[in-house]
Structure formats: C-alpha cells, structure tokens
Amino acid sequence: MIEAQLEAGELRHGHIGTEHVLLGLLRQPSSGAARALTAFGVDLPRARALVVNRIPAGTGGSSGQIPFTPRAKKTLELALRESLSAGSNMVTPEAILLGLLREGEGVATQILRELEVDIAALRTAVVQALPPPGEVQHRGPPRPRLSVGFQVEPSSEVRRLLMSAGARALDDGRTEISIADVEEALRRRGSPADPPGAAAV
C-alpha cells in the first residue's frame, strides 16, 4: 500500500481511495496484478489521467498520515479475505486487485469500466494466475520445513479474528499484523486474552 500512499501524496489528495489503490498496483509492473491489468489495456498514465480528471490534483502538500476512505478500507479487508481463502498469510498485489474488484463500487471500478474492462473476465484471469490453495508463498531463500504428520487449519472464528486484526494494521498503514492488533481484535469481540481458567491458580 506504500505505492497507493505515494500516488495520493503526489496528487496532493487528502485521502487514499480505491483509485489510489489501483494506481499503486500499476506502479508495480512486475506483479501479477499489474500484468493482468496491462493485458486488459489498463496502464498507469491512462489510469492516472482519468483519476485526475475526476479528482483534480490539490494545491497544498499533505501533512501526516493520509487516511483511507471507507471503500479503500473495505477493499483491503476483502483483499485479506482473498488471501486467507487462498491459504496464504500474505496480502499480495493480486489479492488486493481481487479485493478491489469485489468492492465493485469505488472510483477504481468506475475507471476500469470507463476503460471498457470486462470486470468478471479480469477477476477470472487473476484467480487463474494464483497458486493452488494452501501453497505457501514467500520471498527469499527456502525456509526449513517441519513435518508433524498433520495439517492445522485456523477455525472460522480465528479467521474472523485475523481479518479484524489485519484491518486494524492496514488502517494504520502497516502490512504486518502485530500482537497488539490481535489483542485489540479480542477486546472488540469481548473475548478474554487468556484461556478459560488461566487466572484461577
């Protein structure tokens, strides 16, 4: 999301909307998301021109952290869901693009439609380019593998907790979930941080 923040800052907009998320994805030409968009005729100069046409560049510099719009926050929450559904613990540009397409009502989607992009076909192309569910994605040298004879999957309740914690991290402009995010998500759900009976010693 750093690229989206850069776009909002360079355009001197006082918010980060779905349009900046789209521009941020296009600023990463080597990503699968940018390649998919390019294949459907979407490039950074044209998309940026349409954004400026709808939302003229500001005149003053932005100070402090630029807030996300509700639709941009929803996009990031949907991106996190897409990642979890794919069995990944990392929100990739492809997951963000899928979240953007699922949100479906922001300025970014309006721009894609103006560029005559088939939204359903684009989503299908991105989904087909994703690795199989459960395949671990990471960068850097291979990690050591530990086989314990079974696979542990998070429950639906834990997934919802992680989505809430992830939304809090993204809202703060971070790309990693911290323990504080999980603790806050637990407090919001009204669940104790300690297992039942832990304090009864």
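Descending by average beta-carbon neighbour count within 10 Å, the peptides 25-33, 74-82 line up as 74-82, 25-33, the highest first.
Compactness check for region 7-114: Cα Rg over 2.2 N^0.38 Å is 1.04.
All of the numbers you see were taken from the coordinates with simple rules; none came from a lab. Keep in mind it's a predicted model, so treat the numbers as computed, not measured. With ideal geometry, Cβ positions are generated from the backbone for all residues, glycine too; neighbour counts draw on all protein chains shown.
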